[in-house]
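Comments concern the structure below.
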Amino acid sequence: MSQLSPSATRDELSEKSTLELAQLLAQKCAIAPNDWHRLKANRKAQANQHITAALVYLQSDQTEEALAHLQQAAGWLDRSISAPPCPTHGNH
């Protein structure tokens, strides 16, 4: 997957496939490991990450995975799910 410069033009974007654009957006919205503690309870960041992942799966014809990520995003937004325990600390 190629990277776009911050000053990407409309032509550069139009040359990308829908899957490539979805991948770029998902990469941009992914919560980095070093940001996990800071954003673990940020509902907007969590939902954003799942929605953009769903777009990638949808463009890859993996509808079940897309739906699972959309359901996770909805759970963050409707507050039916909350942050899991830290993956590096385990359950205490």
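The values are calculated or read from the model by the stated rules, or taken from the named source; none is laboratory data. Only a predicted model underlies this, so the values are computations on that prediction, with no experimental measurement involved. Please note: Cβ atoms are built from the backbone with ideal geometry, for glycine as well, and neighbour counts cover all protein chains shown.
Summary table below
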read-out	value
The lone exception for ALA73 - which of (1) surrounded by fewer than 17 Cβ atoms within 10 Å (Cβ to Cβ); (2) touching a residue at least 24 places away in the same chain (Cβ under 8 Å) it fails	(1)
Residues of the range 30-70 that turn out to be surrounded by 15 or more Cβ atoms within 10 Å (Cβ to Cβ), free of Cβ contacts under 8 Å to residues at least 40 places away in the same chain and basic (Lys, Arg), as a count	1
Evaluation of ASN34 against (1) at pLDDT 95 or above; (2) of a type outside the set (Asp, Glu); (3) in a helix (DSSP H, G or I) (one fails), failing number	(1)
